[in-house]
Amino acid sequence: MKKTVQKPILAVGPFHPLQEEMEFFQLTLDGEIVTDIDMRISYNHRGIEKISETLQFDQVPFLVSRVCGICSASHPLAYVQAVEDIVGVQPPERALYVRTIINELERIHSHMLWVGLAGHFIGYDTVFMWAWKYREPVLDLLEEITGNRNNYGNVKVGGCREDIQDEIIPKMLKDIDLLEQKVEMLTKAVLDDPVLHVRLKGVGILSKEDAIAYAVAGPTARGSGIDIDVRHDDPYAAYSDLDWNVISQPEGDVFAKAVVRLLETLEAVKMIKEALNKLPKGPVAIEVKEIPPGEGCGRVEAPRGENFHYVRSDGGNRPIRHKIRAPSYVNVPSFRASCIGQHIADVTITLAAVDPCYSCTERLAVVDGHNNVSHDYETLLRMSREKTARIQKEIGAPELKLEDL
Amino acid sequence: MQQEELKNRLSEVKDKLVGIEQTTDDRIYLSCEAKNAYGVTRFLFEDLALRFVIATGIDSDDCFEILYHFSNDETGCIITVKAFIRNREKPSIESITPFLPGAEWIEREIHDLFGINFENHPNLRRLILADNWPEGVYPLRKEVKK
């Protein structure tokens with residue numbers, strides 16, 4: 001009789017109930033340790049690059065703002081910068097400031113969303129409630145400026161469609177001041193919390209070498225000690241006029257990525273205040289009539305990392321090729337480096353740490369495989385107890401005895 | 001690496017290129033034939049330590065183009081390697097995934113959408129197209145209707 005060896009596979013996805021996004025992770029397990037990970041994507045493939053070739057240059061921003069609801073300011077901006085690269089045109093200064101303000105507001109609401117979800121994924125719902133409560137006024141501000149809480153549709157080739165009205169600036173500054181206090185409080189509370197230290201430090205480490213090999217971007221790279229940031233390295237909009245710092249942390253674990261995002265939120269608040277105070281007078285758009293033949297690249301530091309758009313024109317009114325690279329496309333494959341060897345309970349937050357936000361553990365399937373280690377019930381129970389004891393020791397909790405309960 | 005040094009180092013692969021074009025201060029396009037793309041990209045990634053951004057496949061009229069975009073984060077310069085694949089019947093190019101794991105997905109995607117074979121790719125499974133998508137239909141080729 002042919003002997004088959006079984007290995008347990010934990011299926012995460014294809015649809016996760018916490019997030020309205022689809023991705024499928026198959027974790028191969030040895031007890032509680034993840035020994036391999038396989039990813040399947042594209043359950044949400046909409047053929048946007050092909051659709052873009054059928055639209056006119058001025059219609060495409062509305063299409064690409066729907067690539068992602070959260071990054072709905074970054075994608076259109078990267079696209080119009082690519083087209084402006086072809087035309088060789090520079091938008092008016094006020095437009096650059098308006099773009100900066102909207103993109104930084106987007107960064108704040110995206111990072112707050114992540115902090116909340118990260119808390120939720122590790123079962124710390126207080127963080128979730130706080131972060132999402134303070135995120136709400138940011139969306140209100142975006143609605144006030146652009147008319148929409150998401151999908152702002154505010155950039156076009158040559159500038160912006162809508163201006164920030166001077167009358168609402170004092171109110172915006174007041175709201176931003178209030179937000180700053182709340183974000184500072186939340187940052188302190190999160191970074192000083194011993195529970196979060198135990199759950200996030202040393203977990204899901206992505207080393208600097210792996211980060212380079214997988215070509216990761218954004219907070220995922222900056223959390224691994226690589227201080228790349230398009231806003232600083234290839235300045236666009238008004239970033240080179242503003243006073244701000246690139247935040248990076250050397251550790252590479254989930255905690256480092258949380259620190260990067262929280263401190264970046266404070267930097268974003270600082271930038272918005274400065275930009276509102278310095279907002280230049282003048283028009284917000286110039287007219288661009290024809291797109292000459294040629295090719296251009298545009299990139300934007302979206303909340304999750306570098307958004308890259310490549311556009312080629314043949315002189316007609318439609319792009320003949322439009323390539324979109326969102327940051328998760330390079331960040332997600334790095335799970336192979338950060339998840340293998342981790343405990344299953346830590347993989348939940350490691351998969352969320354690059355901010356595509358996935359959790360796990362609904363279904364357990366057993367398939368044929370080549371892993372010749374198998375554990376019986378007693379062994380699994382012992383491993384579970386050993387892990388509990390390890391965590392208790394780490395946080396200095398008193399040892400519990402069965403008779404005390 | 002500063003811009004001047006970058007340009008000097010690029011001359012080391014000059015014999016593999018058919019053209020160097022600089023559109024603006026921070027956009028450089030290097031053209032080469034498909035057989036030299038592996039050597040040029042490896043030089044950019046390993047010797048010049050540039051960051052790999054992404055690759056773009058394009059169906060040009062007489063050939064396929066693969067554009068490898070690299071970023072020099074010290075100057076904000078994007079260096080794009082354009083590789084021309086002349087054989088439209090059986091398009092094929094050497095995979096860069098063996099030395100650059102970050103390119104695994106995009107090569108699988110281009111394989112799906114353009115039908116270009118990546119030689120020595122460790123895992124050329126479908127990435128983007130659905131399981132029931134017919135074999136041999138490559139949606140980003142020009143002959144596929146919009």
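Give the angle, between 0 and 90 degrees and rounded to the nearest 10, that separates the Cα long axis of helix A:93-121 from the longest principal axis of the Cα atoms of chain A. For helix A:93-121, the angle is close to 10 degrees. Evaluated over the Cα positions of segment A:201-269, the convex hull gives a direction-averaged projected area, one quarter of its surface, of 4.5 nm².
Within 10 Å of each residue's Cβ, count the other Cβ atoms and sort B:S11, A:S224, A:S207 from fewest upward. It would help to have the intermediate numbers written out before the result.
Details: B:S11 10, A:S224 28, A:S207 13.
Going from least to most buried by this count: B:S11, A:S207, A:S224.
Under the definition of partner shielding as Cβ atoms of other protein chains within 10 Å of a residue Cβ, what is the mean value for peptide B:101-109? Mind showing how you got there, number by number?
Numbers: counts 8, 13, 4, 3, 6, 6, 0, 0, 5.
What the average comes to for B:101-109 is 5.
List A:M112, A:M129 from most exposed to least, where exposure is judged by having the fewest other Cβ atoms within 10 Å. Display every interim value, and only then the final one.
Details: A:M112 27, A:M129 13.
So the ranking, lowest neighbour count to highest, is A:M129, A:M112.
For GluC sites (Glu not before Pro), the sites in segment B:50-119 that DSSP calls loop and that have at most 10 other Cβ atoms within 10 Å are B:E89. For the protein assembly as shown, what is the calculated [θ] at 222 nm in deg cm²/dmol (nearest 500), taking -39500 (n - 2.57) for each run of four or more DSSP H residues and dividing by its residue count? Theoretical 222 nm ellipticity from helices: -11500 deg cm²/dmol. Placing unit charges on each Cβ (+1 for Lys and Arg, -1 for Asp and Glu) gives segment A:101-157 a dipole about its Cα centre, and among A:N148, A:V127, A:W114 the Cα reaching farthest toward its positive end belongs to A:W114.
Computed over the Cα atoms of segment A:1-115, pair by distinct pair, the Kirkwood hydrodynamic radius stands at 18.0 angstrom. The H on the amide N of B:C77, modeled in the peptide plane, is under 5 Å from the matching H of B:N72, each at least 5 residues off or on a different chain.
Any idea what the dipole of segment A:48-325 comes to, in debye rounded to 20, about its Cα centre with Lys/Arg Cβ at +1 and Asp/Glu Cβ at -1?
Working: 33 positive and 42 negative charges, 109 e Å.
My answer is approximately 520 debye.
Which whole-number percent gives the relative contact order of chain B, counting Cα pairs below 8 Å spaced six or more residues apart? Numbers along the way, then the final one.
Working: 254 pairs, mean separation 27.3, N = 146.
Worked out over chain B, it gives 19 percent.
Computed about the Cα centre, the dipole magnitude for segment A:143-224 is approximately 380 debye when only Lys and Arg (+1) and Asp and Glu (-1) carry charge, each at its Cβ. Ranking of A:D85, B:D26, A:D243 by neighbouring Cβ atoms within 10 Å, starting from the fewest: A:D243, B:D26, A:D85. How tilted is helix A:377-395 with respect to the longest principal axis of chain A? Cα atoms for both, answer in degrees (0 to 90, nearest 10). In chain A, helix A:377-395 runs at an angle near 60 degrees to the longest axis.
Quick one: plug the Kirkwood hydrodynamic radius of chain A (C-alpha pairs) into Stokes-Einstein at 37 °C, 0.692 mPa s, and report D in µm²/s. Can you show the working numbers first?
Details: Rh = 22.8 Å.
This corresponds to a translational diffusion coefficient of 144 µm²/s.
Name the most mobile residue of A:K257, A:K393, A:K174, meaning the one with the largest mean-square fluctuation, in a Gaussian network model of chain A with Cα contacts below 10 Å. It is A:K393. Size check on segment B:1-118: the Cα extents along the three principal axes, sorted descending, read 41, 27, 22 Å. Across chain A, C-alpha contacts under 8 Å between residues 6 or more apart give a mean separation that, scaled by the residue count, equals a relative contact order of 27 percent. The GluC sites (Glu not before Pro) of segment A:252-327 meeting both criteria, a DSSP state outside H, G, I, E and B (loop) and at most 11 other C-beta atoms within 10 angstrom of the site's C-beta, are A:E287, A:E290.
Restricting things to alpha carbons, find the Rg to Rh ratio for segment A:204-353 using the Kirkwood radius for Rh.
Details: Rg = 18.5 Å, Rh = 17.4 Å.
The Rg/Rh ratio comes out at 1.06.
A short reminder: the numbers here are calculations on the coordinates, not readings from a lab. None of these values were measured; they are calculated from a predicted model. Cβ coordinates were reconstructed from backbone atoms using ideal geometry, including for glycine residues, and neighbour counts include every protein chain displayed.
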